[in-house]
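Notes for the one structure printed next.
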Amino acid sequence: MKILCFSDSHGDDRAIRSALTMHPDAELVIHLGDGLSEVESHALTDYRRKWLYVRGNCDPSTTVLPDRPLKTDSINVAGYRIVFTHGDLWGVKYGYDGIIRLAEERSADLILFGHTHTPCEKFVELPSGKGVYLFNPGSAGGDYFAGGSFGVITLSDSGILLSHGTYTP
């Protein structure tokens, strides 16, 4: 299964539109906050894919989306537990200790977060001995990372494959 992941679009959906065009086989899209207006414009009209989202620190608490966005959520997909959050509540701008605790508490195989505007892909061993992937797609908003970045996640029986894509205007 292929998943597209975005964060921090901040009103700029060019990277989102580009990634959706480049990856028509993506079945799931996850937006990690600070861009619910972009989610509204796509999720309410894109019936080919399932859209999941969380609220970021810059998102309004009101939205026209059918479900009130949480700050942290999770889903089980293809045998993997994915936990996703914006990251501000977990102090990700100052290190990964908080996000690692969240991964341990929620038994995550993959934890997705945004907020830093910096792409990140890391595998860490949790205190329990279980390993978890930490993944930040960077900022889909063009003002932050060379026109915008996004994440591509492929889940299969053989494992989790993570990569970053970029949109340059």
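The values are calculated or read from the model by the stated rules, or taken from the named source; none is laboratory data. Everything quoted here is computed from the prediction, not taken from an experiment. Cβ coordinates were reconstructed from backbone atoms using ideal geometry, including for glycine residues, and neighbour counts include every protein chain displayed.
Identify all residues within segment 1-47 that are in a loop (DSSP other than H, G, I, E, B), of a type in the set (Val, Ile, Thr) and surrounded by 15 or more Cβ atoms within 10 Å (Cβ to Cβ); write none if there are none. Write out each step before concluding.
Step one: of segment 1-47, the residues in a loop (DSSP other than H, G, I, E, B) are 1, 7-13, 23-27, 32-35, 44-47.
Of the ones still in play, those that are also of a type in the set (Val, Ile, Thr) are 45.
Within segment 1-47, no residue meets the criteria.
Given the options 96, 53, 133, name the one that is surrounded by 15 or more Cβ atoms within 10 Å (Cβ to Cβ), hydroxyl-bearing (Ser, Thr, Tyr) and more than 21 Å from residue 29 (Cα to Cα).
Values: 53 fails: more than 21 Å from residue 29 (Cα to Cα); 133 fails: more than 21 Å from residue 29 (Cα to Cα).
On inspection, the qualifying residue turns out to be 96.
Among the listed residues 88, 8, identify the single one that is among the charged types (D, E, K, R) and under 18 Å from residue 149 (Cβ atoms).
Details: 88 fails: under 18 Å from residue 149 (Cβ atoms).
Unique residue meeting the criteria: 8.
Of the residues that make up segment 112-129, is at least one farther than 21 Å from residue 46 by Cβ and touching a Lys or Arg at 6+ places or on another chain (Cβ under 7 Å)? Reasoning before the result, please.
Taking segment 112-129 first, the residues farther than 21 Å from residue 46 by Cβ are 113, 115-129.
Retained after the next criterion (residues that are touching a Lys or Arg at 6+ places or on another chain (Cβ under 7 Å)): 115-116.
Yes, because at least one residue in segment 112-129 is farther than 21 Å from residue 46 by Cβ and touching a Lys or Arg at 6+ places or on another chain (Cβ under 7 Å).
Scan segment 147-158 and tell me whether some residue there is surrounded by fewer than 18 Cβ atoms within 10 Å (Cβ to Cβ) and touching a His at 6+ places or on another chain (Cβ under 8 Å).
There is no residue in segment 147-158 that is surrounded by fewer than 18 Cβ atoms within 10 Å (Cβ to Cβ) and touching a His at 6+ places or on another chain (Cβ under 8 Å).
Being at pLDDT below 95, assigned to a loop (DSSP other than H, G, I, E, B) and under 22 Å from residue 156 (Cα atoms) is the requirement here; does residue 55 meet it? Explain how you work it out, then say what you get.
Numbers: at pLDDT below 95: yes; assigned to a loop (DSSP other than H, G, I, E, B): yes; under 22 Å from residue 156 (Cα atoms): no.
The answer is no for residue 55.
If the requirement is being in a helix (DSSP H, G or I) and either under 14 Å from the mean Cα position of the chain (by Cα) or of a type outside the set (Phe, Trp, Tyr) (or both), which of these qualifies: 134, 102, 155?
On the way: 134 fails: in a helix (DSSP H, G or I); 155 fails: in a helix (DSSP H, G or I).
Step by step, each of 134, 102, 155 is checked, and only 102 is in a helix (DSSP H, G or I) and either under 14 Å from the mean Cα position of the chain (by Cα) or of a type outside the set (Phe, Trp, Tyr) (or both).
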